[in-house]
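For reference, the structure is listed below as structure tokens.
The values are calculated or read from the model by the stated rules, or taken from the named source; none is laboratory data. Just so it is clear, the structure is predicted and the values come from calculations on it, not from any experiment. All Cβ positions, even for glycine, are placed from backbone atoms using ideal geometry, and neighbour counts span all protein chains on display. The area values use the complete protein model at the heavy-atom level, side chains included, leaving out ligands, DNA and RNA. Shrake-Rupley method; radii C 1.70, N 1.55, O 1.52, S 1.80 Å.
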Amino acid sequence: MTTYVAFFRALNVGGHGVVSMLALRRMHEALGLQAVNTYIQTGNVLFTSDEGDALSLACQIEGRCLQEFGFASRVVLRRAVDLEEVITTNPFPSEAEQAPERLVVLFLAAPPVPAAASVLQRLAAAGPEKLQLSARGQELYIWYADGIGRSKLTPAELERALGCPATGRNWRTLLQIRRLLQQRQKGERRSLEKGIIRGSGANSSPAPLVGSKRVRAKQSCGTGRGSSLLAGVAVAGLTPCPGGSAGYSGD
């Protein structure tokens, strides 16, 4: 089973794509997804699935959303391990500590177009914002030095520059989602440990007697994405991370 986070684009933003989190959870559960949870109203859904094809899974979620709620919303999926990589390789750690609401990560739904590098370079040179692609080229970090509200670098402009749909979340939101994922992992580990202990007690039986000696039985327990053309590209104000309309409201 794989743990995913679904980031919905422009959900419950400015009166567009209004849907309750209860309805969103039930929609995911109807698709057979498990351990479904949501975080705040902007459409952040945590779940597990045995589907390994993230693109196919995102398409299923988008189709079900259109069917049930009557509007289309782009869904960008990231595995829990992907999100952890995004956080640990943050190129702006001091800025994130200073004002986490001013650091935004755009999650790209597809690889950016080849011309994106030059366009992003011009955008970075024009303003106080700092831009940096992740090493995978599937996320764009944006530091809004003067705040998102004052910036002329709008999400729609960034999406046009990238040439692909994207949705953004600020650093504070991503850290909270990370905490929820860590809590989930700890809960799963405890459940597994309890299951092993309970199973060991339930399956144990007196060792057979051979002659006048009891023979001890031995027991054993068993347990049963495409790269971007821009990854590694460095331009003024836009450099690859070390390691490994847009539609966002800053959440």
(message) Tell me whether the stretch 47-57 contains one or more residues that are surrounded by fewer than 16 Cβ atoms within 10 Å (Cβ to Cβ), in a strand (DSSP E or B) and more than 14 Å from the chain's Cα centre (by Cα).
(response) no
(message) Tell me yes or no: at least one residue of the stretch 70-81 is among the aromatic types (Phe, Trp, Tyr), touching a helix residue (DSSP H, G or I) at 6+ places or on another chain (Cβ under 8 Å) and surrounded by fewer than 18 Cβ atoms within 10 Å (Cβ to Cβ).
(response) yes
(request) Return the only residue of Leu158, Leu120 being open to solvent by less than 10 Å² (accessible area, probe 1.4 Å) and modelled with pLDDT under 95. (result) Leu120
(message) If a residue must be touching a helix residue (DSSP H, G or I) at 6+ places or on another chain (Cβ under 8 Å) and in a loop (DSSP other than H, G, I, E, B), how many such residues does the stretch 110-133 contain?
(response) 3
(request) Assess whether Gly163 counts as being modelled with pLDDT under 85, open to solvent by 40 Å² or more (accessible area, probe 1.4 Å), more than 30 Å from Val36 (Cα to Cα) and of a type outside the set (Asp, Glu). (result) no
(request) Would you check if Arg184 is touching a Ser or Thr at 6+ places or on another chain (Cβ under 9 Å) and in a helix (DSSP H, G or I)? (result) yes
(message) Looking at the stretch 52-66, can you tell me whether even one residue there is of a type in the set (A, V, I, L, M) and within 21 Å of Tyr141 (Cα to Cα)?
(response) no
(message) Looking at the structure I just gave you, is Arg190 touching a helix residue (DSSP H, G or I) at 6+ places or on another chain (Cβ under 8 Å) and assigned to a helix (DSSP H, G or I)?
(response) no
(message) I'd like the full set of residues that are touching a strand residue (DSSP E or B) at 6+ places or on another chain (Cβ under 6 Å) and either among the β-branched types (Val, Ile, Thr) or surrounded by 18 or more Cβ atoms within 10 Å (Cβ to Cβ) (or both), limited to the stretch 25-43.
(response) His28, Leu33, Val36, Thr38, Gly43
(request) Could you list, in sequence order, all residues of the stretch 1-20 that are open to solvent by less than 30 Å² (accessible area, probe 1.4 Å), among the hydrophobic types (A, V, I, L, M, F, W, C) and under 18 Å from Leu66 (Cβ atoms)? (result) Ala6, Phe7, Phe8, Ala10, Leu11, Val19
(message) For the condition among the polar types (S, T, N, Q), under 20 Å from Ile148 (Cα atoms) and modelled with pLDDT of 95 or more, what is the one hit in Gln98, Gln67?
(response) Gln98
(message) Looking at the stretch 84-104, I want the residues that are part of a strand (DSSP E or B) and have a partner that is open to solvent by 20 Å² or more (accessible area, probe 1.4 Å) with Cβ atoms under 6 Å, at least 6 apart or on another chain. Which pairs are those?
(response) Leu103/Glu95
(message) If I filter the stretch 134-147 for residues that are open to solvent by less than 80 Å² (accessible area, probe 1.4 Å), over 26 Å from Val5 (Cα atoms), in contact with a helix residue (DSSP H, G or I) (Cβ under 8 Å, 6 or more places away or on another chain) and in a helix (DSSP H, G or I), do I get at least one hit?
(response) no
(request) Pull up the stretch 94-112, narrow it to residues that are among the acidic types (Asp, Glu) and either within 13 Å of Asn170 (Cβ to Cβ) or within 11 Å of the chain's Cα centre (by Cα) (or both), then point me to the one that is surrounded by the fewest Cβ atoms within 10 Å (Cβ to Cβ). (result) Glu101
(request) Among the numbered conditions (1) at pLDDT 95 or above; (2) open to solvent by 10 Å² or more (accessible area, probe 1.4 Å); (3) over 18 Å from the mean Cα position of the chain (by Cα), tell me where Pro91 comes up short. (result) (3)
